[in-house]
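A.B. asks: Handing you a structure now.
The values are calculated or read from the model by the stated rules, or taken from the named source; none is laboratory data. Keep in mind that what you see is a predicted model, and the values were worked out from it rather than measured. Positions of Cβ are backbone-derived with ideal geometry, glycine not excepted, and every protein chain shown enters the neighbour counts. Note: accessible area is taken over every heavy atom of the protein model, side chains too, but ligands, DNA and RNA are not part of it. Shrake-Rupley method; radii C 1.70, N 1.55, O 1.52, S 1.80 Å.
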Amino acid sequence: MKKKVIIVGAGVGGLATALRLLSNGYEVEIYEKEETIGGTVNFIQTEGFRFDLSASILMMPNSYKEIFSYVNKNYADYLEFIEIDPIYRLFSSDGTAIDFNTDMSSLTKTLEGISKEDSLGYFKFISDVYEKYLIANKYFLQKSQDTPKDSFNLKSIQEAFKVHTLSNAYEYISKYIKDEKLRNFLAFQCMYIGISPFNGPNIYTLIPVVSQLYGLWYIKGGMYSFINALSKLIYEFGGIIKTGVTVEEILFLKDKAIGVKTSQKTEKADLVVCNADFSYAMKNLVKDEYYKDKYNDKKLSEMKYSCSTFIIHLGLRKEYPKLAVHNIYLGKNFKENIESAFKGMLPNNPSLYIYCPSRIDKSMAKMKGDCLNIMLRVPNLFFKEVKWDKQTSKLLTNIILNELKNIKGLEDIEENIQYEDCFTPLDMESKFNTYGGTSFGLSPTLKQMNYFRPHFKSSKVNNLFFVGSSLHPGPGISLVLNSSTLVTEEILKMDIYE
Ligand SMILES: Cc1cc2nc3c(=O)[nH]c(=O)nc-3n(C[C@H](O)[C@H](O)[C@H](O)COP(=O)(O)OP(=O)(O)OC[C@H]3O[C@@H](n4cnc5c(N)ncnc54)[C@H](O)[C@@H]3O)c2cc1C
């Protein structure tokens with residue numbers, strides 16, 4: 001008889017794990033509290049505009065394609081990938097704009113336009129970080145770190161020393177690059193996993209490097225097309241997805257997880273996989289102290305969490321061709337303003353990420369206009385200094401709109417807003433149960449990485465598993481897809497030895 005798996009949460013991690021398990025012959029039911037699946041990868045459809053709710057930067061397309069080959073399907077039957085060029089347009093508050101292309105001759109010309117010294121520094125930086133990336137990918141990102149043997153064997157320790165040098169991301173970048181804008185451009189991208197470039201480990205410099213080397217991609221119809229493709233496959237394989245059903249508790253009996261209690265009834269299973277945010281789940285879904293093991297309330301409160309994000313979605317009456325698909329805007333006093341998100345403050349002159357999918361995909365804005373996501377890293381809800389009410393949202397929106405007007409060609413943006421909404425850390429918490437309203441779960445600091453990150457398998461019962469941003473290897477869609485591979489391997493291993 002097929003083993004029944006219940007998956008709590010239909011985020012990328014839950015959906016991808018469901019699919020892998022279905023293709024290995026398990027019976028899978030997913031319970032999702034929201035009416036739409038996808039978790040933080042979601043969408044808003046209104047007034048002729050379609051917005052990706054949050055995630056928009058598609059790095060490492062092979063991780064997205066891999067799940068199709070895992071289940072013997074051709075990704076091209078489900079998705080259309082489009083390469084983006086330039087990968088970024090960099091705007092500054094002084095009115096300048098620089099394009100970063102993937103082709104070497106355009107890139108070299110751009111960098112030499114800054115200075116020959118920085119051009120050389122940039123290529124040396126790329127080369128050194130690329131080496132780290134290859135090591136990280138081989139020894140850490142694609143491998144489980146659940147047991148001491150996985151993490152603390154001689155080879156892994158040797159390789160870890162090559163990857164983790166002591167300086168923070170900004171200091172590391174500064175060793176290669178003199179130009180402030182170029183430094184800030186690279187440092188800004190290291191923040192994508194919700195950690196400060198002035199504090200976080202320099203391994204996250206691999207984000208701008210991987211983007212530069214492998215390019216950035218777009219899926220026709222926006223990031224949610226990937227979620228639609230996953231759900232289509234899940235149904236094709238006979239999986240069940242129940243939306244609008246909140247899991248209230250993971251149930252245990254002696255040394256087993258036996259199912260879940262939902263808002264509607266009790267459901268039995270042979271295996272439970274929890275994709276709800278790890279810390280939220282330990283606090284709220286695992287009720288008995290014994291099964292929490294070390295992740296009791298005290299431990300959860302001592303752990304380090306990523307920052308959150310304030311997002312504005314704008315539907316515009318006209319097109320703004322000065323914007324590329326991915327844009328970074330550098331505000332004044334970069335360091336002070338970036339650090340505010342990690343010190344419980346709101347920035348006065350924010351640096352921003354601006355996403356304009358309608359630049360290459362007219363299906364995102366049906367009328368003659370553009371749709372934009374503007375994202376700003378802000379403190380998570382553990383900082384009590386910021387009160388996330390309507391007044392704060394209005395204030396922050398005004399600050400952001402004023403900065404946007406520094407971009408040449410966007411001076412009249414405010415007059416052309418047809419649709420506007422914002423998404424705050426409170427929304428993140430209430431919609432998706434992210435602990436503390438964080439955007440990326442547990443911070444991937446050195447002390448919360450690899451073996452020191454929560455493990456895929458519960459230490460108390462051998463049939464409860466976890467998957468998602470707060471697990472190894474960390475946040476971001478491609479890494480969460482890796483975590484779905486690794487957790488599936490753990491589950492299959494358990495079943496072989498049982
Ligand atoms: C603002 C923002 C921007 C981002 N930008 C990018 C980007 O550009 N590129 C990129 O690669 N990544 C990006 N990310 C990160 C990426 O979106 C996440 O790392 C990834 O989607 C997380 O997936 P997950 O599987 O951990 O689940 P989540 O998305 O956290 O989903 C968990 C699911 O569980 C459900 N759930 C929770 N509790 C319960 C319960 N009790 N019962 C039932 N269901 C429950 C939730 O509703 C949710 O659907 C971004 C994230 C944010 C927030």
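A.B. asks: State yes or no: is residue 354 closer than 14 Å to residue 404 by Cα and touching a residue at least 40 places away in the same chain (Cβ under 8 Å)?
C.D. replies: It is true that residue 354 is closer than 14 Å to residue 404 by Cα and touching a residue at least 40 places away in the same chain (Cβ under 8 Å).
A.B. asks: Sticking with this structure for a sec: What's the total number of residues in segment 35-60 that are closer than 13 Å to residue 220 by Cβ and within 13 Å of the ligand (Cβ to nearest atom)?
C.D. replies: 2
A.B. asks: In segment 252-281, which residues are within 13 Å of the ligand (Cβ to nearest atom) and open to solvent by 10 Å² or more (accessible area, probe 1.4 Å)?
C.D. replies: 261, 263, 264, 267, 275, 276, 277, 280
A.B. asks: Now, a different point. If you take the residues of segment 97-153 that are more than 29 Å from residue 407 (Cβ to Cβ) and small (Gly, Ala, Ser), which of them is most open to solvent (accessible area, probe 1.4 Å)?
C.D. replies: For segment 97-153, the residue satisfying everything is 127.
A.B. asks: Checking the conditions here, which among 220, 261, 232 is among the charged types (D, E, K, R) and over 27 Å from residue 64 (Cβ atoms)? Give the derivation first.
C.D. replies: Numbers: 220 fails: over 27 Å from residue 64 (Cβ atoms); 232 fails: over 27 Å from residue 64 (Cβ atoms).
Answer to the check: 261.
A.B. asks: Let me ask something else about it. Restricting to segment 31-57, and then to whatever is over 21 Å from the mean Cα position of the chain (by Cα) and surrounded by 22 or more Cβ atoms within 10 Å (Cβ to Cβ), can you tell me which residue is nearest to residue 318 (Cα to Cα)?
C.D. replies: Within segment 31-57, the match that is nearest to residue 318 (Cα to Cα) is 49.
A.B. asks: Within segment 428-438, is even one residue without any contact (Cβ under 8 Å) to a residue 60 or more places away in the chain, within 30 Å of residue 321 (Cα to Cα) and open to solvent by 10 Å² or more (accessible area, probe 1.4 Å)?
C.D. replies: No, every residue in segment 428-438 fails to be without any contact (Cβ under 8 Å) to a residue 60 or more places away in the chain, within 30 Å of residue 321 (Cα to Cα) and open to solvent by 10 Å² or more (accessible area, probe 1.4 Å).
A.B. asks: Here's a check for you: in segment 1-22, which residue that is farther than 23 Å from residue 249 by Cα, of a type outside the set (Lys, Arg) and buried (at least 19 other Cβ atoms within 10 Å of the Cβ) is nearest to the ligand (Cβ to nearest atom)?
C.D. replies: Applying the filter and picking the extreme gives 19.
A.B. asks: Follow-up question, since we're still on this one. Within segment 204-251, take every residue that is open to solvent by less than 10 Å² (accessible area, probe 1.4 Å) and in contact with a Cys (Cβ under 8 Å, 6 or more places away or on another chain) and give me the one that is nearest to the ligand (Cβ to nearest atom).
C.D. replies: 250
A.B. asks: Same structure again: For segment 458-498, what are the residues that are within 11 Å of the ligand (Cβ to nearest atom) and charged (D, E, K, R)?
C.D. replies: Those that are within 11 Å of the ligand (Cβ to nearest atom) and charged (D, E, K, R): none in segment 458-498.
A.B. asks: Which of the residues spanning segment 307-329 are open to solvent by less than 10 Å² (accessible area, probe 1.4 Å), touching a Ser or Thr at 6+ places or on another chain (Cβ under 8 Å) and more than 14 Å from residue 197 (Cα to Cα)?
C.D. replies: Across segment 307-329, the qualifying residues are 308, 309, 310, 311, 312, 315, 326, 328, 329.
A.B. asks: Restricting to segment 373-405, name every residue that is within 24 Å of the chain's Cα centre (by Cα), open to solvent by less than 50 Å² (accessible area, probe 1.4 Å) and free of Cβ contacts under 8 Å to residues at least 60 places away in the same chain.
C.D. replies: 386, 388
A.B. asks: Tally up the residues in segment 340-350 that are open to solvent by 10 Å² or more (accessible area, probe 1.4 Å) and within 25 Å of residue 59 (Cβ to Cβ), please. Spell out the reasoning first.
C.D. replies: Taking segment 340-350 first, the residues open to solvent by 10 Å² or more (accessible area, probe 1.4 Å) are 342-343, 345-346, 348-349.
In the following step, the residues that additionally are within 25 Å of residue 59 (Cβ to Cβ) were identified as 342.
Result for segment 340-350: 1.
A.B. asks: Next up: Looking only at segment 418-457, count every residue that is under 29 Å from residue 168 (Cβ atoms), aliphatic (A, V, I, L, M) and more than 11 Å from the ligand (Cβ to nearest atom) and tell me the total.
C.D. replies: Looking only at that region, the number is 2.
A.B. asks: Looking at residue 65, is it open to solvent by 40 Å² or more (accessible area, probe 1.4 Å) and either more than 9 Å from the ligand (Cβ to nearest atom) or not assigned by TED's automatic domain parsing to the domain that holds residue 244 (or both)?
C.D. replies: yes
A.B. asks: Go through the residues of segment 286-305 one by one and say whether even a single one is of a type in the set (Ser, Thr, Tyr) and within 30 Å of residue 89 (Cα to Cα).
C.D. replies: Looking for residues that are of a type in the set (Ser, Thr, Tyr) and within 30 Å of residue 89 (Cα to Cα), one finds at least one in segment 286-305, hence yes.
A.B. asks: If you take just the helices (runs of 4 or more DSSP H) that sit entirely in segment 164-242, which of them hold at least 3 residues that are more than 21 Å from residue 480 (Cα to Cα)?
C.D. replies: The helices (runs of 4 or more DSSP H) meeting that bar are 169-174, 180-190.
A.B. asks: Checking residue 73 against (1) closer than 26 Å to residue 404 by Cα; (2) away from the ligand (no atom under 14 Å from the Cβ): exactly one of these is not met. Which one?
C.D. replies: (1)
A.B. asks: Further question on the same structure: So, in segment 35-84, how many residues would count as being part of a helix (DSSP H, G or I) and not β-branched (Val, Ile, Thr)?
C.D. replies: Residues flagged as part of a helix (DSSP H, G or I) and not β-branched (Val, Ile, Thr) within segment 35-84 amount to 12.
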